[in-house]
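Inspection log for the structure reproduced underneath, given as structure tokens.
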Amino acid sequence: MSETEQLQMTPLNRHHRGLNALMAPFGGWEMPIQYAGIIAEHRWCREQAALFDICHMGEFLFKGDLLASGLEDLFTFSVAAIPVGRSKYGFLLNEQGGIIDDLIVFRFGEQEAMIVVNAATAPNDFQVIRSRLQGGALCDITAATAKLDLQGPVSREVLTAVCGEQIARLPYFKFAPLDILGVPAVVSRTGYTGELGYEIFLPAAKVAELWELLMADPRVKPAGLGARDLLRLEVGYSLYGSDLDEQTTPLEAGLEAFVDFGKRFVGKEALLQQQAAGIARRKVAFTVNSRRAPRHGYAIQADGRRIGEVTSGVFSPMLGCGIGMGYVAAGHTDPGTALTVCQDRVSLEATVCPLPFYRGGSLRS
Amino acid sequence: MSIYFTKEHEWARVSGNLAVVGISGHAAHELGDVTFVELPQVGKQVKQGDVVAAIESVKAASDIYAPVSGTVVKVNSALDEAPEQVNESPEDAAWMVEIELRNPAEVGVLMSKEQYDAYLKTL
């Protein structure tokens with residue numbers, strides 16, 4: 001989107017300003033980047049419970065027959081195979097197998113599902129999905145739907161106090177429809193931090209009240225998109241627009257676990273061809289021998305030759321060194337492989353490592 | 001002893017022929033959480049405006065320019081292990097280098113504290 005276009009604001013914009021948050025454009029929205037500081041917010045999420053305003057993400061509601069409408073053929077996973085009450089992560093691809101978006105589908109009912117997508121890609125996703133459907137009803141409910149993420153090892157205790165015991169037993173990637181503050185909401189045991197946590201969807205008109213209620217708990221502090229990016233990278237999650245895009249396939253990204261070749265989907269032929277021909281370019285994760293961060297766009301070299309580029313990088317407080325992900329020529333992705341990450345005067349010795357970088361999170365607790 | 005500032009937000013505390021150099025509180029705040037400081041070798045020769053050190057925060061990487069020409073005679077190695085001091089005490093404990101002045105007259109092109117404060121208001 002152009003810079004002159006009006007930024008959208010979440011219903012919590014006033015709350016962020018009241019907390020003196022640093023605000024910046026993200027995906028067409030004016031979002032809080034940090035409050036107390038990225039490192040302090042990151043630590044709070046790893047140790048207590050951090051509250052994120054994620055109202056910018058897109059939500060689409062589908063109603064109709066999954067097979068007859070063609071919804072079943074839209075994504076790299078089967079929606080029909082998701083049990084009601086569960087959700088699944090995967091991709092919307094183009095014909096070339098490139099990733100139009102990474103998303104989560106929530107199976108609300110036999111003939112009802114919610115598709116949750118990235119903010120910047122939401123308008124295009126909606127057009128693509130609608131154009132590929134032959135039936136059913138697809139509704140963009142982004143504006144009416146608010147989303148708060150509560151993430152951290154004590155998030156279960158905090159949220160149980162607000163929502164009741166029902167959420168205490170939720171396993172990972174399961175959700176519960178329930179009433180919060182007298183309105184219908186969905187509490188999902190999912191997140192983007194590597195910690196135990198929940199994503200809460202509720203009507204936009206009620207989100208300020210829920211934010212205030214959660215913030216009244218001394219174990220909860222707000223965290224911005226800066227901390228969110230650091231948290232997700234430490235556990236090796238990809239960020240659409242940085243690590244994933246329409247020129248990148250799930251196979252190159254090492255995310256074939258989220259592709260079901262036993263079903264039909266747009267882009268499948270291209271992926272099969274790529275698999276047969278050999279994957280020439282692959283995502284790699286690495287640590288560097290410095291507190292210096294590899295950064296998006298830095299070159300990756302092996303034996304003095306450029307073999308790829310960094311797509312995400314940051315200083316990891318948990319590891320005490322710089323960490324990053326990028327894409328390199330195949331053959332340089334085995335753990336332990338020595339690489340050099342460089343840009344201008346900066347040259348960092350990097351070592352390929354398995355994901356996640358940080359393994360101590362409370363995600364599965 | 002007098003303190004001077006540059007438009008790039010370094011400060012230099014000049015005493016005799018020595019200048020202790022760091023970054024301003026404004027710059028530290030703008031950078032956010034500092035995670036790394038690269039210091040030069042003692043003995044490095046710099047000209048006014050040369051890159052003398054580098055600093056990284058979670059958000060950004062930037063260079064630190066020498067406010068004066070001369071020889072680096074001391075570096076604050078404590079920042080290797082505790083770069084967060086740049087946020088905690090930018091204009092005191094988190095000094096970065098000490099430079100022996102080659103041309104003390106160069107101080108004349110730097111800003112006083114009052115001039116720097118006025119400059120910040122124009123940003």
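The values are calculated or read from the model by the stated rules, or taken from the named source; none is laboratory data. Quantities reported herein were computed from a predicted structural model and do not represent experimental measurements. Here the Cβ is made from the backbone with ideal geometry for all residues, glycine too, and neighbour counts use every protein chain on show. What goes into the accessible areas is simple: the full protein's heavy atoms, side chains included, and nothing from ligands, DNA or RNA. Shrake-Rupley method; radii C 1.70, N 1.55, O 1.52, S 1.80 Å.
Counting the residues of segment A:132-173 that are in a helix (DSSP H, G or I) and among the charged types (D, E, K, R) gives 5. For the structure I just gave you, tell me whether A:His42 is in contact with an Asp or Glu (Cβ under 8 Å, 6 or more places away or on another chain), open to solvent by less than 60 Å² (accessible area, probe 1.4 Å) and modelled with pLDDT of 95 or more. For A:His42, the condition - in contact with an Asp or Glu (Cβ under 8 Å, 6 or more places away or on another chain), open to solvent by less than 60 Å² (accessible area, probe 1.4 Å) and modelled with pLDDT of 95 or more - is not met.
Checked against (1) more than 28 Å from A:Gly236 (Cα to Cα); (2) outside any strand (DSSP E or B), A:Gly191 meets all criteria but (1).
Within segment A:211-236, the only residue that satisfies the criterion of being within 12 Å of another protein chain (Cβ to nearest Cβ) and in a loop (DSSP other than H, G, I, E, B) is A:Gly224.
Going through segment A:160-178 one residue at a time, which ones are farther than 23 Å from A:Val105 by Cβ, free of Cβ contacts under 8 Å to residues at least 12 places away in the same chain and open to solvent by 60 Å² or more (accessible area, probe 1.4 Å)? A:Glu165, the sole residue that qualifies.
Those residues that are open to solvent by less than 40 Å² (accessible area, probe 1.4 Å) and touching a strand residue (DSSP E or B) at 6+ places or on another chain (Cβ under 6 Å), I need them from segment A:214-227; list them, please. Selection gives A:Leu214, A:Val220, A:Pro222, A:Ala223, A:Gly224, A:Leu225, A:Gly226. A Cβ distance below 7 Å, combined with a sequence gap of six or more or placement on separate chains, defines the contacts here; from segment A:22-34, residues that are farther than 19 Å from B:His29 by Cα and open to solvent by less than 30 Å² (accessible area, probe 1.4 Å) reach residues that are among the polar types (S, T, N, Q) and outside any loop (DSSP other than H, G, I, E, B) in the pairs A:Gly28/A:Gln8; A:Trp29/A:Gln8. Could you please find all residues in segment B:51-81 being within 12 Å of another protein chain (Cβ to nearest Cβ) and assigned to a loop (DSSP other than H, G, I, E, B)? Across segment B:51-81, the qualifying residues are B:Val58, B:Lys59, B:Ala60.
Where strands (runs of 3 or more DSSP E) fall entirely within segment A:249-320, those with at least 1 residues that are among the acidic types (Asp, Glu) and modelled with pLDDT of 95 or more are at A:305-316.
Determine if segment A:106-118 includes at least one residue that is at pLDDT 95 or above, over 18 Å from the mean Cα position of the chain (by Cα) and not in a strand (DSSP E or B). Scanning segment A:106-118 turns up at least one residue that is at pLDDT 95 or above, over 18 Å from the mean Cα position of the chain (by Cα) and not in a strand (DSSP E or B). When segment B:5-18 is filtered for residues that are open to solvent by 20 Å² or more (accessible area, probe 1.4 Å) and in contact with an Asp or Glu (Cβ under 9 Å, 6 or more places away or on another chain), the ones remaining, listed by number, are B:Glu8, B:His9, B:Arg13, B:Asn17, B:Leu18.
Residue-wise test of (1) open to solvent by less than 60 Å² (accessible area, probe 1.4 Å); (2) over 25 Å from A:Ala227 (Cα atoms); (3) hydroxyl-bearing (Ser, Thr, Tyr).
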{"site": "A:Gly308", "(1), (2), (3)": "yes, yes, no"}
{"site": "A:Ser312", "(1), (2), (3)": "yes, no, yes"}
{"site": "A:Asp334", "(1), (2), (3)": "no, yes, no"}
{"site": "A:Thr337", "(1), (2), (3)": "yes, yes, yes"}
{"site": "A:Glu349", "(1), (2), (3)": "no, yes, no"}
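Just for segment B:82-123: of the residues that are within 14 Å of another protein chain (Cβ to nearest Cβ) and among the acidic types (Asp, Glu), which one is most open to solvent (accessible area, probe 1.4 Å)? It comes out as B:Glu88. Within segment B:19-39, restricting attention to residues that are within 12 Å of chain A (Cβ to nearest Cβ) and not in a strand (DSSP E or B), the residue that is most open to solvent (accessible area, probe 1.4 Å) is B:His29. Can you tell me which residue within segment A:321-353, out of those that are part of a loop (DSSP other than H, G, I, E, B) and small (Gly, Ala, Ser), is nearest to A:Thr287 (Cα to Cα)? If we take residues in segment A:321-353 being part of a loop (DSSP other than H, G, I, E, B) and small (Gly, Ala, Ser), then A:Gly336 is nearest to A:Thr287 (Cα to Cα).
So if I check each of A:Arg282, A:Arg292, A:Arg264, which one is free of Cβ contacts under 8 Å to residues at least 60 places away in the same chain and either within 21 Å of A:Leu92 (Cβ to Cβ) or surrounded by fewer than 22 Cβ atoms within 10 Å (Cβ to Cβ) (or both)?
Working: A:Arg292 fails: either within 21 Å of A:Leu92 (Cβ to Cβ) or surrounded by fewer than 22 Cβ atoms within 10 Å (Cβ to Cβ) (or both); A:Arg264 fails: free of Cβ contacts under 8 Å to residues at least 60 places away in the same chain.
Checking each option against the conditions leaves just A:Arg282.
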